[in-house]
1. Grab the beta carbon distance between Glu11 and Asn233, set R0 = 35 Å, and tell me the FRET efficiency rounded to 0.05.
2. Calculate the FRET efficiency for Lys79 and Leu270 from the Cβ-Cβ distance with a Förster distance of 25 Å, rounded to the nearest 0.05.
3. Please list the three semi-axes, largest first and in whole Å, of the ellipsoid equivalent to the range 221-284, using sqrt of 5 times the eigenvalues of its alpha carbon gyration tensor.
4. I'd like the trypsin sites (Lys or Arg not before Pro) in the range 1-75 restricted to DSSP loop residues with at most 12 other Cβ atoms within 10 Å, sorted by number.
5. How large is the dipole of the chain about the Cα centre if only Lys and Arg carry +1 and Asp and Glu carry -1, each at its Cβ, rounded to the nearest 20 debye?
6. Quote the charge dipole size of the range 67-194 about the Cα centre in Debye, to the nearest 20; the model charges only the Cβ of Lys and Arg (+1) and of Asp and Glu (-1).
7. As a check on your grasp of the helix formula, calculate [θ] at 222 nm for the chain: sum -39500 (n - 2.57) over DSSP H runs of n ≥ 4, divide by the residue count, round to the nearest 500.
8. Report, in debye and to the nearest 20, how large the dipole of the range 143-284 comes out about its Cα centre when Lys and Arg carry +1 and Asp and Glu carry -1 on their Cβ.
Amino acid sequence: MNQRLIELYDEYTHRPLDRRVFLERLIVLAGSATAAQAFLSVIEPNYALAAVVAADDPRVGSVSLEASPDLKGYLAFPKAKGSEIKDNLVIVIHENRGLNPHIQDVARRVALEGFHAFAADFLTPYGGTPKDEDQARDMFAKIDMGRVVKSAADLIAGLKLKNPRMKIGTVGFCWGGGAVNSIATAAPGLDAGVCFYGVAPKLEDAPKIKASMMLHYAAMDARVNATKEPYENAMKAAGVAYQSFMYEGTNHAFHNDTSPERYVEAAAKLAWQRSMDLFKQKLA
């Protein structure tokens, strides 16, 4: 029953399913309104848990950053290095709820690994990420993916123009994972891309990827996994350097530790370590 509930929540999260309809279906599946509420309490994000690296951690600094009129966000950096982006940068791309406390925390985790980390808000052109999650989800239904890709590709190209020796990576989750895949096809200056359970880009664009790619998949995530094999075949045929990992017994969003029902600590830590190892190899 839990898996059926998780699949319903995934449908609500990623498809235009009205919350009222979602709740009605959830109560039927759960058996009662009380059981449905108990399920929501462990699957919906709890940002009180989003402090693996505290905002005031003395090892990490942070500032608001406007990369362009289309792209504002949150820059986290190793305190010892200062805020100026000099040698490398990791662009952190949010899920389909926008730039929230969890993604800011992820950026601080990247900073602790020695990188400047820019958690970009791709809802910038629409007024920025709202506090209301349902409002944010509705905004994603209207988002212009071409504009998303262009703003990220322009940022990467601009940084490389200023400093051709700069190394740039990106990591994204859910919607952000799919964004990483699409950005990689449009940004030849990208050095490494890490996708957590994100859908494939247009397969005909796969040969344009120049970055080293790492793909993390949840074994029970049928929606995303349907795009896995065709994407990997396209990259393989084009000679794109990539690594792909499947994590058994996990659902979509297994890395998001603000959602206890889907978070799987062992898989999340392994995927994270693999990702940071790639960045340390390719962005050094």
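Laboratory data are not the source of any read-out in this text; all were calculated from the coordinates shown. What you are looking at is a predicted structure, and each value in this text was computed from that prediction instead of being measured. Here the Cβ positions follow ideal geometry from the backbone for every residue, glycine too, while neighbour counts run over all protein chains shown.
1. 0.80
2. Numbers: r = 28 Å, r/R0 = 1.11.
So the FRET efficiency works out to roughly 0.35.
3. Numbers: eigenvalues 109, 69, 11 Å².
Its equivalent ellipsoid spans semi-axes of 23, 19, 8 Å.
4. Numbers: sites: Arg4, Arg19, Arg20, Arg25, Arg59, Lys72; in loops: Arg59.
Within the range 1-75, the qualifying trypsin sites (Lys or Arg not before Pro) (loop, at most 12 other Cβ atoms within 10 Å) are Arg59.
5. Values: 33 positive and 33 negative charges, 175 e Å.
Charge dipole, the chain, about its Cα centre: 840 debye, nearest 20.
6. Once rounded to the nearest 20, the dipole reads 440 debye.
7. Numbers: 10 runs with 119 residues, N = 284.
Taking each H run of at least 4 residues, the total per residue is -13000 deg cm²/dmol.
8. On the way: 17 positive and 13 negative charges, 133 e Å.
My answer is approximately 640 debye.
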